[in-house]
Amino acid sequence: MAELEFASIMDGLKEELSKIYSSTTMSLWFDQLALLSLDDKQAVLVAPTEFKKDILEKKYLDVLTDKLCGILGFEVEIKIISAESGPMAKVPPLEKEEEPDEDISAYKMRFNPNYTFENFVVGKSNELAQSASLAVARHPAELNNPLFLYGPSGLGKTHLLFAIVNEIRKNFKNYHILYVTGEEFTNELIDALAQKKPVAFREKYRNLDVLLVDDIQFLANKLGIQEEFFHTFDTLYKQNKQIILASDCHPREINNLEERLKSRFESGLVADIQPPDLELRVAIFKRKSVDMGIDIPNDVLLYLAENIKINIRQIEGSLKKLKANSFISGEPITLEMAQKVLGDFLKSAESEDNIIDKIFTYVSKRYGVSKDALKSQKRNADIAYPRHIAIYLTRELTSLSQKSIAKIFARKDHTTVYNSIMVVEKKIKSDVQFEREINQIINELKGQ
Ligand code: ADP
Ligand code: MG
């Protein structure tokens, strides 16, 4: 088996252990532990010294076995040998990584260093968002301020925000950069007010060079929070600091967003990300598989790209499944394996995507509203009514949770979905004609 896989198994094992043990224990006993061999019965681990081997055997064998089996998904026995004796004596001791200082490790926890511009694959549907992000990262506060990225879930907005952070940190080492989600901003503000510490909150947010707020649509309907955010925004903006925002919809479509915020969000560059076409999906999947150290033949890549269309996030799950399967079976990844392992997973995702498409098409035709309007934040009755119906149908015809349905309809949380379902159910109970209409729609959609 590839060394790379051994290394990633050990990474996983150490990560699990670090959840239980302090960093001192980790560096004393586990950091230098390596995996020498593995089969379906036994894993051989190498400790750097005879002494460490003894301690590991006496004190940590059970926990090591438990965690390793958890990672592998099957039972193995662990044998520990020491690098001081036997054939391993020649192996040079593993280099110890330098302890990151606290700042960096906190930063690492928050930022996935894997999200960079280098591994963001560009195509027609995301090139404006990517080039604007890169320009901002190279020249903060000179161009595109604020930068507002929007588009459906899973298409790379957060990836781009992290890429901006990583890039700015390379070139502007002294910059104070803060990445938060709209939800975190909200919670922090509420806490600050509850503890009567608004000044500290303001100092934190108003002394930045770059502020990134992800999922800013969370501020929808929250007028008090918007008020504070407005002042944060204005203070930074007037000092010529860079602001970057990401949302699942256009600023105009964020529900109950103060007009002055809408106009400020629009005043720099607003860039959308659209779902990727087949060519871009293949390129993204190729890139992901390389990054994950998995060798995937082209026909499998094409199979994945043809079947995963809406949310790129699904790709990582699929690749992990294939990797695990190939690891356990000892077979290379092939199209047959992919079809067998992912068939059901993709089929259910796919048919749900299809049915959702059909619901949108059907409802928009029947009630004369555009698909975009159904996802918009507009609340006039001629749009709200068909939206209630579309949401109800999605609940009836898919297995999606209310939370997932909320995402599809760009609602901020499941309460809107719940309300829509209630409205429709109530009407069904009181209006026979309407009940017949809904049943007819359901049958039609099912039958198609
Ligand atoms: P969003 O914030 O828009 O919901 P994310 O940024 O979390 O989406 O992206 C979901 C996943 O898809 C991440 O793993 C991300 O790396 C990946 N992804 C999306 N678009 C691309 C792209 N163009 N190139 C590489 N990876 C991408
Ligand atoms: Mg995101």
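The values are calculated or read from the model by the stated rules, or taken from the named source; none is laboratory data. As the structure is a computational prediction, the values presented were derived from the model and not from experiment. Counting neighbours? That spans all protein chains shown, and the Cβs are built from the backbone with ideal geometry, glycine included.
Values for this structure:
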read-out	value
Residue, farthest from the chain's Cα centre (by Cα), within segment 128-160, restricted to residues that are within 11 Å of ligand 1 (Cβ to nearest atom), surrounded by fewer than 22 Cβ atoms within 10 Å (Cβ to Cβ) and more than 17 Å from R287 (Cα to Cα)	G151
Residue ID - nearest to ligand 2 (Cβ to nearest atom), chosen from residues in segment 271-284 that are buried (at least 16 other Cβ atoms within 10 Å of the Cβ) and either part of a loop (DSSP other than H, G, I, E, B) or of a type outside the set (A, V, I, L, M) (or both)	I273
Test: residue in segment 226-235 that is in contact (Cβ under 8 Å) with a residue 40 or more places away in the chain, within 13 Å of ligand 1 (Cβ to nearest atom) and not assigned by TED's automatic domain parsing to the domain that holds A410	no
Qualifying residue in segment 207-222 (condition: within 16 Å of ligand 1 (Cβ to nearest atom), crowded, with 19+ Cβ neighbours inside 10 Å and in a loop (DSSP other than H, G, I, E, B))	yes
Odd one out for E57, checked against (1) at pLDDT 85 or above; (2) touching a Phe, Trp or Tyr at 6+ places or on another chain (Cβ under 7 Å)	(2)
Lone qualifier among S133, S153 - being in a helix (DSSP H, G or I), closer than 23 Å to D248 by Cα, among the polar types (S, T, N, Q) and in the same structural domain as K262 (by TED's automatic domain parsing)	S133
Among residues of segment 334-344, those that are within 15 Å of D295 (Cα to Cα) and in contact with a Lys or Arg (Cβ under 8 Å, 6 or more places away or on another chain), counted	0
Identity of the residue in segment 285-326, touching a Gly at 6+ places or on another chain (Cβ under 9 Å) and under 24 Å from F74 (Cα atoms), that ends up surrounded by the fewest Cβ atoms within 10 Å (Cβ to Cβ)	A324
Checking S399 against (1) in a helix (DSSP H, G or I); (2) in contact (Cβ under 8 Å) with a residue 12 or more places away in the chain; (3) loosely packed, with under 13 Cβ neighbours inside 10 Å, the condition it does not meet	(1)
Tally, over segment 253-285, of residues that are without any contact (Cβ under 8 Å) to a residue 24 or more places away in the chain and over 30 Å from A141 (Cβ atoms)	1
Some residue of segment 52-59 being acidic (D, E), under 25 Å from K323 (Cα atoms) and outside the structural domain of K323 (by TED's automatic domain parsing)	no
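Residue-wise test of (1) among the acidic types (D, E); (2) surrounded by 16 or more Cβ atoms within 10 Å (Cβ to Cβ); (3) within 10 Å of ligand 1 (Cβ to nearest atom); (4) touching a residue at least 60 places away in the same chain (Cβ under 8 Å).
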position	(1), (2), (3), (4)
Y115	no, yes, yes, no
V165	no, yes, no, no
K170	no, no, no, no
L193	no, no, no, no
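Residue by residue, here is whether (1) of a type in the set (V, I, T); (2) in a strand (DSSP E or B); (3) touching a helix residue (DSSP H, G or I) at 6+ places or on another chain (Cβ under 7 Å) holds:
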{"position": "E183", "(1), (2), (3)": "no, no, yes"}
{"position": "R202", "(1), (2), (3)": "no, no, no"}
{"position": "E228", "(1), (2), (3)": "no, no, yes"}
{"position": "T235", "(1), (2), (3)": "yes, no, yes"}
{"position": "N240", "(1), (2), (3)": "no, no, no"}
{"position": "S289", "(1), (2), (3)": "no, no, yes"}
